[in-house]
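A short worksheet on the structure shown next.
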Amino acid sequence: MIFKEETMSSEMIYNGKIINLRVDTVELPEHKYQKREIVEHPGAVGILAINDKKEIIFVKQFRKPVEEILIEIPAGKLEKGEDPRECAIRELKEETGYEAKNMKFLNEFYTSAGFSNEKMYLYLATDLQAGDCCPDEDEYVEVMSVDIKKALDMIANNEIKDSKTIIGILLSKDLI
């Protein structure tokens, strides 16, 4: 069976600051056709920052799409042409005030491949130095730290719901 879908046409519906939306008409196997709504995203980074007490640094913030305050690892959108590692360094400082002496690439994954091309680059930040955070003018975050065992319990208790954060925490078990 052939799984590839060939794009027959593509229509840009919306060009935004963070995302674009297009609708593609694709040909499926056996000459069937379907529309695909695709969110284009420039990519992002997530930072699993672990301090010298073996605690993970989190940010709490309100997320309008889900109408909830979420606990997340620091993260941010890649600027056009930006190196993911440089973005991780920038975002960690902006959101938490921390700077890392060590920033190591861990993994990359698609956040929701069913409708978006967003790729997330996950980094491990260690040997942290505290400093002043400088979030974007529209960002309101609270920085907190939690030991890894408690973070795993928070996933099990549905207190942490963000996918990049869950992936980072699950990977952290084998890193320390």
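The table for this structure:
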{"read-out": "Residues (over 13 Å from the mean Cα position of the chain (by Cα) and not in a helix (DSSP H, G or I)) located in the stretch 71-95", "value": "Glu79, Lys80, Gly81, Glu82, Asp83"}
{"read-out": "The stretch 62-95, residues that are buried (at least 17 other Cβ atoms within 10 Å of the Cβ) and either β-branched (Val, Ile, Thr) or more than 17 Å from Gln129 (Cα to Cα) (or both)", "value": "Ile71, Glu72, Ile73, Ala75, Gly76, Leu78, Pro84, Cys87, Ile89"}
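For every residue, the table says whether it meets (1) over 19 Å from Leu124 (Cα atoms); (2) in the same structural domain as Asp147 (by TED's automatic domain parsing).
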position	(1), (2)
Arg36	yes, no
Phe62	yes, yes
Ile73	no, yes
Gly76	no, yes
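Per-residue answers, yes or no, for (1) acidic (Asp, Glu); (2) over 17 Å from Leu78 (Cα atoms); (3) in contact (Cβ under 8 Å) with a residue 24 or more places away in the chain:
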site	(1), (2), (3)
Asn107	no, no, yes
Thr111	no, no, yes
Ala130	no, yes, yes
Cys133	no, yes, yes
Glu139	yes, no, yes
Val146	no, yes, yes
Met154	no, yes, yes
Leu170	no, yes, no
Asp174	yes, yes, no
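The values are calculated or read from the model by the stated rules, or taken from the named source; none is laboratory data. Just so it is clear, the structure is predicted and the values come from calculations on it, not from any experiment. A quick note on method: Cβ atoms are made from the backbone with ideal geometry, for glycine too, and the neighbour counts reach across all protein chains shown.
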